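Here's the structure, in structure tokens; my notes come after.
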Amino acid sequence: MKKLAVIGAGPAGMMAAYCGSKNNEVTLFEQNEKLGKKLYITGKGRCNITNNRDISEFFEEISRNGKFLYSAFYSFTNKDMIKLLNDMGLDTVVERGGRVFPKTDKSSDVIKVYERLLKSSGVAIKLGYKINRLEKKKDKFILNDNLEFDAVIISTGGFSYRSTGSTGWGYKFAESFGLKVEDLKPALVPIELDDDFLKDLQGLTLKNIDFIAKVNKKMTYKEFGELLFTHFGISGPTVLRMSNRINRSKNVRLFIDLKPALDYKELDERVLRDFESYINKNISNALVDLLPKKLIGVIINLAGIRPDISVNKISKEERQKLVYTIKNMPLNFKSLMDINAAIVTSGGVSVREINPSTMESKKVKGLYFCGEVLDVEGFTGGYNLQIANSTGYLAGSSV
Ligand SMILES: Cc1cc2nc3c(=O)[nH]c(=O)nc-3n(C[C@H](O)[C@H](O)[C@H](O)COP(=O)(O)OP(=O)(O)OC[C@H]3O[C@@H](n4cnc5c(N)ncnc54)[C@H](O)[C@@H]3O)c2cc1C
């Protein structure tokens, strides 16, 4: 039997340690005093553990290096994850968008399942144990100068929510072995704006809008759904998804199409109808049926129209400017929020360094990586935990 060290007890490391224990004597090192500290806060404490859609559709929801995950996803699928939880006595439920949660609504119950798996398979769990040195001497790995192992799995997580323990050790270890680490960027993160109108719009949620980003002069991304204004900028599902698309882009310009279901002509006709109904009112009062109240003044201002002008005095050009602004409300991009506020870290150990069928380093025999430390990331919906579990499974089973 080989001696295997797993560094980091997030979902990836716990799964790797459990699977590795079938053929190896495993020690799992965790710097926190408990297992799965980040896992505990996932899904607002409910843990969206995976997604119920067909595994072949998962790749659409991976925003970086989806192809690299092919073997991992098919070795241990979402259905395998659900079955594992169910077999361990934890029922699951499927919610909107195929999101899977434990029926108890408690992430702590998911952590308990991992704990029971680890204990029953004889994994030695070392809590409050930080690994801060890792070297290879001949064919042995030396941890913290005195612990000797035949193989090591690095599952130290990303670089966000650092209070949970994801402090970036894995990147340092990888670099110390000469492996490439791709630039770290925030992913699934809110966006900061430089717009004075935020003070008027904070708290406003827009539904069924298109959130549009134009980047590097030629690329356009579009996300349909919900967007929320905050005191610093914007958040919500469309914004989080968009952050994954633009986190490496330059010259970002943002827009909202407030009426994506209508084309310009249809919207113009709609505005005309509203103007007819409110012919003797001023413009601010004529848009109440079309736009949320908080937004009316902002849109009129962006369209360059006087807020007190009477509807019957508005020119055709002004009306067309209004229609254009409703379909292209400009937002002044400042930056993505800091990486520490990101739900996941984009970038990490380059997938070109790793054998996708085993998760072993191509350069350093016996050294494996799994989970968020790798340069892979997905959108919300349970995909990031499935990445952790599938890559953890493959790494552990391959040693
Ligand atoms: C608020 C929030 C909500 C989320 N919700 C969801 C969700 O509902 N669904 C979903 O799919 N994803 C969700 N995610 C993302 C998901 O939590 C991560 O992608 C996942 O936890 C990554 O797993 P991991 O095992 O790779 O790393 P982590 O969970 O970060 O675990 C890494 C572990 O390694 C330990 N460690 C690090 N360095 C060392 C060292 N040198 N020595 C010893 N131990 C070390 C850390 O203490 C940590 O416990 C959420 C993330 C956040 C922040």
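The values are calculated or read from the model by the stated rules, or taken from the named source; none is laboratory data. Just so it is clear, the structure is predicted and the values come from calculations on it, not from any experiment. When we count neighbours, we look across all protein chains shown, and the Cβ atoms used for this are built from the backbone with ideal geometry, even at glycine. For accessibility, only protein heavy atoms count, side chains too; no ligands or nucleic acids. Shrake-Rupley method; radii C 1.70, N 1.55, O 1.52, S 1.80 Å.
Values computed for the structure shown
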read-out: Per-residue HN-Hα couplings for region 338-348 [Karplus 6.51, -1.76, 1.60; θ = phi - 60°; Hz; x = Gly/Pro]; value: 4, 4, 5, 8, 7, 6, 9, 9, 8, x, x
read-out: Nitroxide proxy distance, nm - points 7 Å out along Cα→Cβ at VAL94 and GLU25; value: 4.5 nm
read-out: Separation of the LYS218 and ILE142 label points, Cα + 7 Å toward Cβ, nm; value: 5.2 nm
read-out: DSSP-loop trypsin sites (Lys or Arg not before Pro) across region 318-399, with at most 16 other Cβ within 10 angstrom; value: LYS362, LYS363, LYS365
read-out: Accessible surface ranking that places the most exposed of ASP375, ASP91 first, with a 1.4 angstrom probe; value: ASP91, ASP375
read-out: ARG133-SER335 FRET efficiency (beta carbon distance; Förster radius 30 Å; 0.05 resolution); value: 0.30
read-out: Low-density loop cleavage sites - chymotrypsin sites (Phe, Trp or Tyr not before Pro) in region 196-273, where at most 14 other Cβ are within 10 Å (DSSP); value: PHE232
read-out: Residue of VAL94, VAL152, VAL239 that the Gaussian network model of the chain assigns the largest fluctuation, springs spanning Cα pairs under 10 Å; value: VAL94
read-out: Gaussian network model of the chain, springs between alpha carbon atoms under 10 Å - residue of SER243, SER56, SER160 with greatest fluctuation; value: SER56
read-out: Region 41-89 shape via C-alpha gyration tensor axes, a/c threshold 1.5; value: oblate
read-out: Expected 222 nm ellipticity per residue - DSSP helices of 4 or more, -39500 (n - 2.57), all of the chain, to 500; value: -9000 deg cm²/dmol
read-out: Within the accessible area of region 37-172 (1.4 Å probe), percent carbon and sulfur; value: 48 percent
read-out: Debye log10 I(q)/I(0) for the chain, one point scatterer per Cα, at q = 0.09, 0.10 Å⁻¹; value: -0.60, -0.70
read-out: Volume in Å³ per residue [convex hull over Cα atoms, computed for region 86-214]; value: 224 Å³
read-out: Candidate lysines for bridging to LYS140, where Cα separation is under 27 Å - those fewer than 8 sequence places away on the same chain excluded; value: LYS2, LYS3, LYS22, LYS119, LYS126, LYS130, LYS172, LYS180, LYS362, LYS363, LYS365
read-out: FRET efficiency estimate (nearest 0.05) - Cβ-Cβ, ASN301 to LYS106, R0 35 angstrom; value: 0.15
read-out: Rough spin-label spacing in nm, given labels placed 7 Å along Cα→Cβ, for GLN320 and TYR40; value: 6.1 nm
read-out: Restricting region 181-217 to trypsin sites (Lys or Arg not before Pro) in coil, as DSSP defines it, with at most 11 other Cβ within 10 Å; value: LYS217
read-out: Region 299-392 - percent of accessible surface contributed by carbon and sulfur, probe 1.4 Å; value: 50 percent
read-out: Assigned charges on the beta-carbon of Lys, Arg, Asp, Glu; region 235-330 dipole about Cα centre (debye); value: 520 debye
read-out: Mean accessible surface per residue for the chain, computed with a 1.4 Å probe while every protein chain stays in place, in Å²; value: 45 Å²
read-out: Cα gyration tensor, region 185-249 - rounded (a/c under 1.5), prolate or oblate; value: prolate
